Structures are given as structure tokens and as C-alpha cells.
1. Using each residue's phi in the range 301-310, evaluate 6.51 cos²θ - 1.76 cosθ + 1.60 at θ = phi - 60° and report the 3J(HN,Hα) Karplus result to the nearest Hz, with x for Gly and Pro.
2. Can you give me the C-alpha center-to-center distance between the range 148-180 and the range 43-59, rounded to a whole angstrom?
3. Neighbour counts of other C-beta atoms within 10 Å: give me ARG272, ARG217 arranged from fewest to most.
4. Give me D for the chain in µm² s⁻¹, whole number, from Stokes-Einstein with Rh from the Kirkwood sum over alpha-carbon pairs, 25 °C and 0.890 mPa s.
5. Mean-square fluctuation check for the chain, GNM, Cα pairs under 10 Å: which of GLY111, GLY251, GLY157 is largest?
6. Once you've got the GNM for the chain with C-alpha springs shorter than 10 Å, pick whichever of LEU119, LEU89, LEU213 has the biggest mean-square fluctuation.
7. So what are the ³J(HN,Hα) numbers for the range 68-84, from phi and the Karplus equation (6.51, -1.76, 1.60; θ = phi - 60°), rounded to whole Hz, Gly and Pro as x?
8. Ranked by Cβ crowding within 10 angstrom, fewest neighbours first, how are TYR56, TYR15 ordered?
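Only the coordinates and a few stated rules stand behind these numbers; no lab work does. Computed from a predicted model, the values in this text were never measured in an experiment. No Cβ is skipped: glycine too gets one built from the backbone with ideal geometry, and neighbour counts run over all protein chains shown.
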Amino acid sequence: MSRFLSSKYDELVPYVPGEQPKDRRFIKLNTNESPFPPSPLAVKYAAEAARSCQLYSDPELSSLTDAFCAVYGVSPSSAVFSNGSDDMLNYAFMCFCDGDHPAAFADITYGLYSVLADLNRVPYTVIPLRDDFTIDVGDYCGTDHTIFIANPNAPTGIALPVIEIERILATNPNNVVVVDEAYVDFGASSMLKLTEKYDNLLVVGTFSKSRSLAGARLGYACASEAIIADINAIRYSLNPYNVNSMTLAAGIGSLEDDEYNRANCSVIIENREYAAEELKKLGFTLTDSKANFLFARHPDFSGEQIYSRLREKGILVRHFGSERIKDYNRITVGTRGEMQELIKCLKEIIGQ
Ligand code: PMP
């Protein structure tokens with residue numbers, strides 16, 4: 001830290017992203033990327049767009065918005081895009097949280113929420129999940145907080161039914177409820193259409209997971225026209241060209257090729273169920289994941305042991321050191337071959 005950094009960042013502990021190894025080839029099951037490449041149409045459109053990137057990208061994001069609305073059936077004034085959904089989550093903290101509207105989120109959830117709260121100097125309340133890592137919806141009813149819920153949650157993969165989130169929305173009419181749907185396409189129900197019913201609902205999503213575009217960085221939000229106007233006011237003030245031309249084009253290609261992405265999601269869901277069954281046979285306990293990852297612990301080995309022995313064998317998974325979940329590993333669901341290799345290595349590790 002230089003002696004010039006503003007003291008407002010004295011307390012900031014930066015988010016630590018999952019490892020992106022460069023030295024060695026791993027089976028990479030640590031950052032919930034898709035094992036499949038992006039749609040060929042997305043790649044084609046992005047390559048074409050690269051030819052004219054001497055020009056700024058369209059700050060209104062019109063063609064992407066139209067393609068998005070055609071797929072999701074929402075109105076153009078209720079959607080906005082960002083440089084990955086992390087960027088959108090930051091807008092949400094900037095727009096809807098302050099001393100009068102502190103943030104609230106679970107103790108076990110996406111680690112970026114607390115970092116963004118600190119970055120924006122927003123006070124926040126951490127709400128513990130139940131012992132089985134489910135949300136007690138009652139904890140979120142009638143608060144005076146801006147609520148952040150990942151649905152399905154990360155790293156547990158557990159999904160909340162829409163009706164439960166509606167209870168939270170209905171009992172917090174004066175606060176924004178942010179539903180982070182990064183993993184929704186792998187088996188949970190989306191709240192997207194409910195943005196027409198609840199003017200306090202902000203749904204955030206990403207093209208990183210189910211659309212295989214993590215490296216392109218494309219996120220979205222859907223909400224009432226007024227909320228989207230708020231986000232656009234901040235977006236235009238911070239970086240009106242926050243979505244670059246290649247990513248914008250890739251997004252359109254991905255949306256036009258929706259069938260390709262949906263087929264990949266189905267394969268990932270099948271591979272998740274296959275891997276979950278095999279892990280159970282090996283004695284692992286798992287949460288009921290509706291995401292593209294599994295969250296698993298073994299009674300005889302610590303989370304750290306499983307993590308490092310898999311690493312020695314060339315498989316990277318994600319281990320979190322925090323007390324409540326240190327016995328677990330989060331394992332991204334890959335191809336069937338990758339899952340078979342995972343199970344083979346785990347059999348060796350646990351001596352079966
Ligand atoms: N929300 C959740 C719950 C996530 O796990 C992630 C991925 N790290 C994101 C949002 C952000 O994804 P991206 O910025 O790639 O859209």
C-alpha cells in the first residue's frame with residue numbers, strides 16, 4: 001500500500017478470486033466456469049465486432065437489449081448491462097445502500113457482497129444461515145435493509161423457492177431486494193418476470209456461467225423502469241462504455257443461439273446428478289445444489305486435505321477457510337470425463 005492511498009480504504013480487504021493457474025494444466029473445477037466453449041455465433045459476432053473497435057461501443061446497448069428482451073420477455077426499459085455481474089452488484093451497492101439503507105446478506109454467501117459493502121462504505125448486517133445452510137426467510141421479513149440474496153446461493157448451491165422470495169419482497173416494500181441469479185439456469189426458478197409485479201425487486205444475472213462467456217464479462221439487471229434509470233445514472237457517470245463492442249456482439253450471438261446454451265445446461269445438470277451420486281457412494285455429504293457446482297464434505301478428511309490432494313493429482317477445486325464451511329469443497333461441474341476423473345482421484349485419496 002503506498003503512502004498516497006486514501007485512508008478511506010484503510011479497512012478494505014480485497015476480494016480473492018479463484019486461482020487461474022498458468023504454470024500447469026489442471027482439470028479446473030474451482031471457479032464455476034462452463035466446461036463448454038461459447039456459442040459459435042457469439043464467437044463469430046465478437047470477431048466481426050473486433051474489426052470496428054476503433055469506435056466506442058454503443059452506450060445505450062440497444063441491440064443487446066433488444067436481443068435480451070426477445071429471449072426473456074421483459075421490456076427494454078427494464079434491462080441494463082454491465083462488465084460482468086460483479087460490476088452490476090457494485091452499482092446496486094452504490095445506488096441502493098447507505099447509512100439509512102444498510103445492506104443485509106447471509107453469512108455463507110458470495111464473498112464479494114461484504115467487500116463491495118466495505119468498498120462503498122455501507123454498513124451491513126450478516127444473517128446466519130440455519131445449520132443446514134438454508135435461509136430462514138423470517139430473518140429477512142420486514143427489515144430496513146437492502147437485501148442481497150444469491151439464488152441459488154453460493155457456495156452451497158441451495159435454491160429458495162420463488163414464493164419465499166416473494167414474501168421477502170412483500171414485507172420490505174421500502175427496500176430494494178437484490179436477487180443474484182448467477183446460477184439460476186441450472187435448476188432454480190428465475191424472478192425475472194416478477195420485476196413487473198414488485199417495484200423493489202432487482203434481479204442480477206450473468207452470461208458467465210450458463211452462457212459460457214465468463215471471459216467476455218457480461219452481466220445484466222432487470223427491475224422496474226425507475227430502478228434501471230437509477231443504475232443508468234450511475235453507469236453513465238462511471239463508465240458509459242462499460243460493455244465493450246466485442247462483448248456486446250458476443251452477448252447478442254449467445255442470445256440468438258439460446259438453444260445451444262440450454263442444451264449445455266442440461267448436460268451440466270446431468271453431470272451434476274451423476275457426480276453427486278458417485279460422491280455419495282464414496283461417503284461424501286452434499287448440499288442439494290441447483291447450481292453448476294457441488295458442495296461436499298467427507299467425514300474422514302478435512303476440506304483442506306481433499307483440496308490439496310486433488311491439487312497434487314491435477315484437479316483444482318475451491319476450498320474456503322472460513323469456520324462454518326472449512327470442511328467442504330466447492331466443486332464445479334465439468335464434462336462427464338472430468339467428473340469421472342474427479343471420482344477416480346477421490347477414490348484413490350480416500351483409499352477405496
Ligand atoms: N454472483 C455470484 C453468486 C457468483 O458466484 C459470481 C461469480 N463469481 C458472480 C455473481 C459474478 O459473476 P460475473 O462477474 O462473472 O458475472
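1. Karplus values, whole Hz, x for Gly and Pro: 9, 6, x, 5, 5, 4, 4, 6, 6, 5.
2. 36
3. Working: ARG272 25, ARG217 20.
The most exposed by this proxy come first: ARG217, ARG272.
4. Working: Rh = 21.1 Å.
The estimated diffusion coefficient comes to 116 µm²/s.
5. Maximum fluctuation in the GNM of the chain, among the listed residues, is at GLY111.
6. Of the options given, LEU119 has the highest mean-square fluctuation.
7. 5, 5, 5, 7, 9, x, 10, 8, x, 6, 10, 10, 8, 10, 8, 7, x
8. Lowest to highest Cβ neighbour count: TYR56, TYR15.
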